[in-house]
Amino acid sequence: MDILVTLVIAATFVLSEAKTVKPTDKDEFPPDFIFGAATASYQVEGGWMSNGKGWNIWDTLTHQRPDYIFDKSNGDVACDSYHKYKEDIQLLKQLGVNFYRFSISWARILPKGYANYINKYGIDYYNNLINELLANSINLCSMSFIITIFQVTMYHWDLPEELQDIGGWPNIKLADYFEDYARLLFTHFGDKVVKLWITFNEPASLWAAT
């Protein structure tokens with residue numbers, strides 16, 4: 001009972017404090033404040049079979065076991081950012097975003113997961129995305145502080161299905177396949193001011209689920 005009373009008092013205090021918070025606008029933040037947004041390839045891109053993309057584990061799950069998904073939805077179209085990335089970048093600008101994190105779909109770059117076959121259309125898509133970000137100044141730096149920049153996640157839980165079929169991450173060979181994939185990304189996108197890379201999104205969650 002004492003714990004319940006304490007929680008009620010704490011909640012009441014939080015609510016009373018929240019009422020005193022004044023609305024703010026961007027002009028009240030310091031000039032070097034970074035407003036950011038983040039996406040993940042499977043969540044926003046769509047284009048699930050466009051221009052040579054391979055299957056990933058989410059494609060397999062949502063198509064073969066839609067009953068696992070509450071509303072039986074999937075990422076086949078999602079936000080259709082594969083086709084609407086220019087519009088999305090304009091929305092970022094309208095929001096005043098000066099930091100953007102996106103992820104690259106391993107299966108869009110390497111449809112089977114292995115570096116012996118590279119999907120040119122996947123490379124072109126991410127080059128076009130990065131170039132559009134650069135053209136809209138979502139990537140410039142100042143000597144004193146970051147003005148605008150973007151960050152790229154290499155793996156956001158969308159393993160190519162063919163790599164899952166050989167055991168997924170518990171298979172030690174995946175370390176080598178991931179290295180090949182990472183080197184490919186550095187080669188194709190590292191010269192375009194992509195200086196901040198994330199290898200794995202939320203690695204602790206990934207390993208706990210593996």
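The values are calculated or read from the model by the stated rules, or taken from the named source; none is laboratory data. Keep in mind that this is a model prediction, so the values were computed, not measured. Here the Cβ positions follow ideal geometry from the backbone for every residue, glycine too, while neighbour counts run over all protein chains shown.
Would you please list the contacts, defined by Cβ atoms under 9 Å and residues six or more apart or on different chains, that run from a residue in the stretch 32-49 that is closer than 20 Å to Gln94 by Cα and without any contact (Cβ under 8 Å) to a residue 24 or more places away in the chain to a residue that is surrounded by fewer than 16 Cβ atoms within 10 Å (Cβ to Cβ) and not acidic (Asp, Glu)? Every condition considered, the pairs that remain are Phe33/Lys26. Scanning the stretch 74-108 for residues that are modelled with pLDDT of 95 or more, polar (S, T, N, Q) and assigned to a loop (DSSP other than H, G, I, E, B) yields Asn74, Ser105.
Of the helices (runs of 4 or more DSSP H) lying entirely inside the stretch 146-210, those containing at least 2 residues that are surrounded by fewer than 17 Cβ atoms within 10 Å (Cβ to Cβ) span 173-189, 203-209. Per the conditions (1) touching an Asp or Glu at 6+ places or on another chain (Cβ under 6 Å); (2) at pLDDT 95 or above, the sole criterion not satisfied by Phe145 is (2). When only residues in the stretch 117-142 that are surrounded by 20 or more Cβ atoms within 10 Å (Cβ to Cβ) and part of a loop (DSSP other than H, G, I, E, B) count, which is modelled with the highest pLDDT? The extreme case among them is Ile138.
Per this entry, Ile130 is not counted among residues that are out of contact with any strand residue (DSSP E or B) (no Cβ under 9 Å at 6 or more places or on another chain), β-branched (Val, Ile, Thr) and touching a residue at least 60 places away in the same chain (Cβ under 8 Å).
When Asp71 is tested against (1) within 23 Å of Ile198 (Cα to Cα); (2) not in a strand (DSSP E or B), only condition (1) is not met. The residues of the stretch 155-183 that are β-branched (Val, Ile, Thr) and closer than 16 Å to Gly54 by Cα amount to a single one, Ile166. Between Trp157, Trp169, Trp197, which is on the phi < 0 side of the Ramachandran plot and at pLDDT 95 or above? From the options Trp157, Trp169, Trp197, the qualifying one is Trp169. Every listed requirement among (1) farther than 22 Å from Trp169 by Cβ; (2) assigned to a loop (DSSP other than H, G, I, E, B) is met by Pro111 save one, (1).
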